[in-house]
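The values are calculated or read from the model by the stated rules, or taken from the named source; none is laboratory data. Everything numeric here is computed off the predicted structure, so don't read it as measured data. Here the Cβ is made from the backbone with ideal geometry for all residues, glycine too, and neighbour counts use every protein chain on show. Only protein heavy atoms, including side chains, enter the accessible area calculation; ligands, DNA and RNA are left aside. Shrake-Rupley method; radii C 1.70, N 1.55, O 1.52, S 1.80 Å.
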Amino acid sequence: MIEQLPILNLVLLLTTALMIPFTQKISFKTTKLVGFTVLLTVLVSTLFILLHVQSEGAFYYHLGGYPSTIGIEFYVSILSAFFTLFVIALGTLIYVYSTRDIEHDVYAQDYGRYYTLLFILLFSMLGIVYTNDLFNTYVFMEILSITTCSIISIKRSKKNYTAAFRYLMLNEVGSLSYLFGVALIYMVTGYLNIDLAAESIQQVWHLYPANIVIALGFMIIGVSIKAAIFPFHIWLPDAHSTAPSASSALLSSIVVKVYIIIMIKVLLRLIGIDILEALNIPVFLTIIAASGMLIGSIFALGQKDLKRMLGYSSIAQIGYIVLGISLMSSLGLTAALFHIVSHGMMKAALFLSAGAFIFLRNQRAINGFNGLGYQMPISMAVFSIAGLGMIGIPGTSGFISKFNLGVAILDANQWFLLVILIMSGVLNAMYYLPIMINAFLKDNPEKNRVMQFEKLPKVMLVPIVVLGLMIVLVGLFPNSIMSYIEAAVAMLLA
Amino acid sequence: MEVLKQIIENINYIGALALFVIGLYTVVTHSNLIKRIIGINIMGTGVFYFFVSIGNVVGGNPPIVDLDNGNLIYINPLPSGLILTGIVVVVSITVYSLSLVVRIYETYGTIDQDEIAKIIDQETFDD
Amino acid sequence: MDDIILRTISRLIIPFIEIYGVFIILHGHVSPGGGFSGGAILGTSLILYTLVFGVEKAQKKFSHKVSDIAESGGILWFILIGLVGIFVTGYFLTNINAGFPIGEPGLLLSAGMIPLLMIGIGIKVASTMITLFHTVIEEAHHGSA
Amino acid sequence: MIVLNVFLVGFLIVCAIAVERTKDLLSAVIIFSAYSLIMSVLWLLLKSPDVALTEAAIGAGVTAILFIAVIARTERMES
Amino acid sequence: MKKSVILLIFFALFILLVSSLFTMPIENSVFAPSYNATTRYYIENSVRETGAINLVAALITDYRAFDTLGETVVLFTSIVAVVSILRVSKKTKGV
């Protein structure tokens, strides 16, 4: 039974998405409740899968009962089990938040469509993480790209259309590049299954090096465009700043991370470290990551719009993750995977609290935060916790990931990277700290400095608080998730 | 002469690569949004053409089994199957981007990327 | 567009296009074609109807309600057939092992779930094509919002 | 057969370049439709009748109709 | 000026791809690496296992039916996306 849970989860999410147009006609409240129940069910079952995988080891699920040479299969390892849990947990929190927040951003006639798209989004992300097939990944990637663009454009405002269009075009160039890479891999191996193709690549690598090199190049560039890795990040600030707040949180905290999971799969499971090092890929990745870390932060400094600033900060943080991957060591990968989780939580908290400021005060400009900490104490406190985490203050999950990254860099004997890491941390402090200082310490001439009770609706407040608590808890007890990540890294490097 | 013979024998692959590059060029250089969408389509057909060419076998038969004659050579059916999926996916993306173009034209009055950028700059300057 | 030649000819032609589309869908497993191409042909016939007789008349034939049901229904049908496999063998989307009759290869009534899935895909593709076309042109009819 | 193949590929590339060069979007779409049709013939030569049929119905038919519907609602010339 | 530089870059990309093409297995025969045991399995067993004589149909709706499910979901998503930005319902018309 437990082996069928992954596919049942996917089917459940998809069926919910398909039924929403009909349940919405009954009442919108039931739709929300049904959606929440479904997400909770999926959350519990992913938790079961994780516990099962931890005790019994990874398992394969063959669709249609055909063996992996001829059919499609799911590979449920500790990596995929853990990341599906991460995706669904954050997705559930953002879903709860969005049930009120969409009133602010989306027309009433589009509520049902928004949730249809949201469930298909979760469906495709789960599919990408589970599947062990190159072409199946492409199909899910296309579902993901079309849904991500449409949860931006659903706001139906001027700037959303252009942002979504640019995002869609780049997404499609990325997908087709990835498909071209798959074609080249298929040409020399004859398999689409990642494990079988990887075995075959090890054998034919000396016969047809051109295929492997060009395929790797196209696949990495394709995924980099979608993951907003530094030179291909141009779509991200527009898309993240114009989207509805719940969509921005989803995009920045989960969707981009799922593409990085694809990248890890391609680099480590398909191609393998030996070939990567023979081609000097780690050096390229290091340069890209380091420049992304600096340039993202520098651009973020100059922004006047809060959500746009958070978007640029994401580019810098993705640089940290890529840096961890580029070290190609078990310490580096541990740091990268930990930072995926920790950045996911922090960015979600930041975007959701930013959405709360927009929801109640319509406050987007960074220079207007004076005294806001007294009017919205709880959301501002969570914003501060997440911001401190971004800077890397001890006690937050951000500190643990930066610490791990630093250790990994020292282990690889690359001192200049440590300098860049510290510089990027300082830059982070330069744009997050002023907001907090303004909010709590500066006077607002119109309002008196009396702590007010927060007027935010409960369904929006609860996810923000839960995210804040999670950041602190993971920061204080990192071993709770570190054991899973270390097991996953051991599996990837085996 | 040898080179020419090689080119003619592998014209399918070369044509596919040419289409891929032309499509990419159209997407990157043109500022007209509909032209960009056509570029994506050309790029897509280039990739699909490449994929189908991989499955071709010289002297093979179409992948429909002849039950009376068991000794025929068939082409590789897998690339064709994958590309069927791919074509429909690209059509979906095209339609969605076209509907975005309709909305962009209604709000900005133009479908040229450069002019839209000018209008946006003007607006942020006015604020 | 009120032209008697167009109307008469398309009245004559549309049934044939539709029959051809249905033929392609149903013969997907014995000849080239299948759900995608057949569905597209079926959709094109309705697009032709829309072009000749106008959006209002076409939407009476193929309303939003019908298209909603056809779109969700196509995928639900697919999932339902997949779930049969899970209940019988434990694997999603199983054909013969799930008890679908295989028949004699080469005949129309054969290949277990393949024609069933093809019908679902065909309906889905046809309804998608026609709905997309209606959505893109219908608002021009009302004048821009 | 190989002569036909080379000829069609040449025609295909000419069509693609023509689409890229044409300033009139409606002509570009019509050339693109012809391009799709040639592509489907080429896929027939590569012995993939299923893909050819799908491309002829979807690429040359539905896509072109949708492009034309959108051009009718927006502007026709590329500046 | 800028356009000609881009054109040159793309031409260089094309030349690079074509020149590396000749080191790839492009002979289009049954001995190509992609024509492997899996392909032979499809050709030999698909009639017996699925009952369909059209191998492509057997592939897309049986062996790899999950891809096709994903692809119908793409169609569904595209229609929801298009409707979500284009359709104006009667209640909110004019907004």
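Miscellaneous remarks
- Residue check for A:Glu3: open to solvent by 20 Å² or more (accessible area, probe 1.4 Å), within 11 Å of chain C (Cβ to nearest Cβ) and touching a strand residue (DSSP E or B) at 6+ places or on another chain (Cβ under 9 Å): yes
- For E:Ile43, the requirement of being part of a helix (DSSP H, G or I), out of contact with any Ser or Thr (no Cβ under 7 Å at 6 or more places or on another chain) and more than 7 Å from every other protein chain (Cβ to nearest Cβ) is not met.
- Matching residues in segment A:54-87 - criterion: being open to solvent by 10 Å² or more (accessible area, probe 1.4 Å), β-branched (Val, Ile, Thr) and in a helix (DSSP H, G or I): A:Ile78
Every residue, every condition in (1) open to solvent by 30 Å² or more (accessible area, probe 1.4 Å); (2) closer than 24 Å to A:Ala249 by Cα; (3) part of a helix (DSSP H, G or I), yes or no:
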position: A:Ile325; (1), (2), (3): no, yes, yes
position: A:Ala335; (1), (2), (3): no, yes, yes
position: A:Phe338; (1), (2), (3): no, yes, yes
position: A:Ala386; (1), (2), (3): no, yes, yes
position: A:Gly389; (1), (2), (3): no, yes, yes
position: A:Leu418; (1), (2), (3): yes, no, yes
position: A:Leu421; (1), (2), (3): no, no, yes
position: A:Asn428; (1), (2), (3): no, yes, yes
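- If you go through segment B:31-55 and keep only what is closer than 15 Å to A:Arg166 by Cα, of a type in the set (Gly, Ala, Ser) and over 11 Å from the mean Cα position of the chain (by Cα), you end up with just B:Ser31.
Listed here are the residues, each with its yes/no results for (1) touching a Phe, Trp or Tyr at 6+ places or on another chain (Cβ under 7 Å); (2) open to solvent by less than 10 Å² (accessible area, probe 1.4 Å); (3) within 7 Å of chain D (Cβ to nearest Cβ); (4) not in a helix (DSSP H, G or I).
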site	(1), (2), (3), (4)
B:Ile7	no, no, no, no
B:Met43	yes, yes, no, no
B:Phe48	no, yes, no, no
B:Asn69	no, no, no, yes
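- Tally of residues being more than 8 Å from chain C (Cβ to nearest Cβ), free of Cβ contacts under 8 Å to residues at least 24 places away in the same chain and of a type in the set (Gly, Ala, Ser) across segment A:60-77: 1
- Set A:Val266, A:Val258: member being among the aliphatic types (A, V, I, L, M), within 15 Å of the chain's Cα centre (by Cα) and under 25 Å from A:Leu134 (Cα atoms): A:Val258
- Residue among B:Val58, B:Val28, B:Val101 that alone is β-branched (Val, Ile, Thr), closer than 26 Å to A:Thr69 by Cβ and surrounded by fewer than 24 Cβ atoms within 10 Å (Cβ to Cβ): B:Val58
- Residues satisfying the criterion are absent from segment A:9-24 (criterion: surrounded by 14 or more Cβ atoms within 10 Å (Cβ to Cβ), more than 10 Å from every other protein chain (Cβ to nearest Cβ) and in contact with a Pro (Cβ under 7 Å, 6 or more places away or on another chain)).
- Test: B:Gly39 is within 7 Å of another protein chain (Cβ to nearest Cβ) and outside any loop (DSSP other than H, G, I, E, B): no
- Just one residue in the set B:Ile104, B:Ile116, B:Ile54, B:Ile83 is in contact (Cβ under 8 Å) with a residue 40 or more places away in the chain and within 29 Å of A:Gly174 (Cα to Cα); that residue is B:Ile104.
- Residue count for segment A:393-416 under the criterion of being more than 19 Å from the chain's Cα centre (by Cα), of a type in the set (Gly, Ala, Ser) and open to solvent by less than 20 Å² (accessible area, probe 1.4 Å): the result is 2.
- Residue in segment B:50-65 that is closer than 24 Å to E:Phe11 by Cβ, touching a Ser or Thr at 6+ places or on another chain (Cβ under 8 Å), more than 9 Å from chain D (Cβ to nearest Cβ) and modelled with pLDDT of 90 or more present: no
- The residue pairs whose first member lies in segment C:58-82 and is over 17 Å from C:Leu117 (Cα atoms), whose second member is open to solvent by 50 Å² or more (accessible area, probe 1.4 Å), and whose beta carbons are closer than 9 Å, counting only pairs six or more residues apart or on different chains, are C:Ala58/C:Leu51; C:Asp68/A:Phe22.
- Taking residues in segment C:30-48 that are within 9 Å of chain D (Cβ to nearest Cβ), and partners anywhere that are open to solvent by 30 Å² or more (accessible area, probe 1.4 Å) and in a loop (DSSP other than H, G, I, E, B), the pairs with Cβ atoms closer than 7 Å and at least 6 places apart or on different chains are C:Gly33/C:His27.
- For segment E:46-63, the set of residues classified as open to solvent by 10 Å² or more (accessible area, probe 1.4 Å) and within 11 Å of chain A (Cβ to nearest Cβ) consists of E:Glu49 only.
- Any chance E:Asn28 is in a loop (DSSP other than H, G, I, E, B), open to solvent by 10 Å² or more (accessible area, probe 1.4 Å), polar (S, T, N, Q) and more than 7 Å from chain A (Cβ to nearest Cβ): yes
- Only one entry of B:Val90, B:Val28 meets the criterion of being more than 8 Å from chain E (Cβ to nearest Cβ), part of a helix (DSSP H, G or I) and within 20 Å of the chain's Cα centre (by Cα), and that entry is B:Val90.
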